[in-house]
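Every number here is computed from the coordinates shown, using simple stated rules; none is lab data. All values reported here derive from a predicted model rather than from experimental measurement. Every residue, glycine as well, gets a Cβ built from its backbone with ideal geometry; the counts of neighbours run over all protein chains shown.
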Amino acid sequence: MTKTDKKKIEEFIRVDHAGERGAIKIYEGQLLALNTFIKDDKLKKTIEEMKIHEKEHLDFFNKEIKKRNIKPTKFLPLWDLLGIGLGFGSAIMGKKATMLCTASVEEVIDGHYKNQINQLKSDEKILKGKIKKFRDDEIHHKNIAYDNGASKEGIYYLLDKIIKTGSKVAINISEKI
């Protein structure tokens, strides 16, 4: 493996670790709002089920970070706060916004993971296989979100753009720092 390949793999793992942790924090924020202010047991169950997948993803990247001696992004504490805030805020806005938050993030992650899959070489079969599986999970989450009311109509169009822009900025920063 060349130095460039090693650096790229480190960036992939660093950003994916941060992203999966961020997804959990978003769901934790949504669940906080759902447990505190908004009682919607069906929505709560849906979010809890998606959070289980994200935990599986994060567990894998936690192991990869340790195994490969990769430093996580220095921005994890900030991403944690922003993730919880985004989750809480979207849930307070209602079911459509809650589900749009998932759909918007997952649309960005779908493209992000697809890009990584296309760049990974055959000597990274396990990593590539995991990212493919995780991408499938994220696409499934996006579909669940649309099936449960996610919409980009009206004001939700703006919310979608804000969430996607924030996600892309976090990805770009987390790869490098």
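Measure up Lys7/Lys96; Lys71/Lys128; Lys51/Lys74; Lys125/Lys152 against 30 Å on the Cα-Cα distance and list the ones that go over.
Working: Lys7/Lys96 39 Å; Lys71/Lys128 20 Å; Lys51/Lys74 23 Å; Lys125/Lys152 37 Å.
Result: Lys7/Lys96; Lys125/Lys152 exceed 30 Å.
To the nearest 20 debye, what is the magnitude of the charge dipole of the chain about its Cα centre, counting +1 on the Cβ of each Lys and Arg and -1 on the Cβ of each Asp and Glu? Spell out each step's value before the answer.
Details: 35 positive and 27 negative charges, 131 e Å.
Using Cβ point charges on Lys, Arg, Asp and Glu, the chain gives about 640 debye.
For segment 93-155 and segment 1-71, what is the separation of their Cα centres, given in Å?
Here the answer is 12 Å between Cα centres.
Give me the base-10 log of I(q)/I(0) for segment 3-176 at each q in 0.08, 0.09, 0.11, 0.15 Å⁻¹, Debye formula, one uniform scatterer per Cα, rounded to two decimals.
So the normalised log intensities are -0.23, -0.29, -0.43, -0.79.
Ranked by Cβ crowding within 10 angstrom, fewest neighbours first, how are Met93, Met50 ordered? Kindly include the intermediate steps, with their values, before the conclusion.
Values: Met93 17, Met50 23.
Listing Met93, Met50 from fewest to most nearby Cβ atoms yields Met93, Met50.
How far is helix 41-67 tilted off the main Cα axis of the chain, in degrees rounded to 10, range 0 to 90?
20 degrees
Can you put Asp137, Asp16 in order of Cβ neighbours within 10 angstrom, beginning with the fewest?
Ascending number of Cβ neighbours within 10 Å: Asp137, Asp16.
Taking other Cβ within 10 Å of each residue's Cβ, how do Glu175, Glu49 sort, fewest first?
Ordered by Cβ neighbours within 10 Å, fewest first: Glu49, Glu175.
Over the chain, what is the relative contact order in percent, taking alpha-carbon pairs closer than 8 angstrom and at least six residues apart?
Working: 191 pairs, mean separation 53.7, N = 177.
Contact order relative to length: 30 percent.
Putting +1 on Lys and Arg Cβ atoms and -1 on Asp and Glu Cβ atoms, find which of Ile13, Thr165, Val105 reaches farthest to the positive end of the dipole of the chain.
The residue sitting farthest along the positive end of the dipole is Ile13.
Which shape class applies to segment 102-159: rounded if a/c is under 1.5, otherwise prolate when a/b exceeds b/c and oblate if not, where a ≥ b ≥ c are the square roots of the Cα gyration tensor eigenvalues? Write down the numbers at each step before the final one.
Details: a/c = 5.61, a/b = 2.45, b/c = 2.29.
Prolate.
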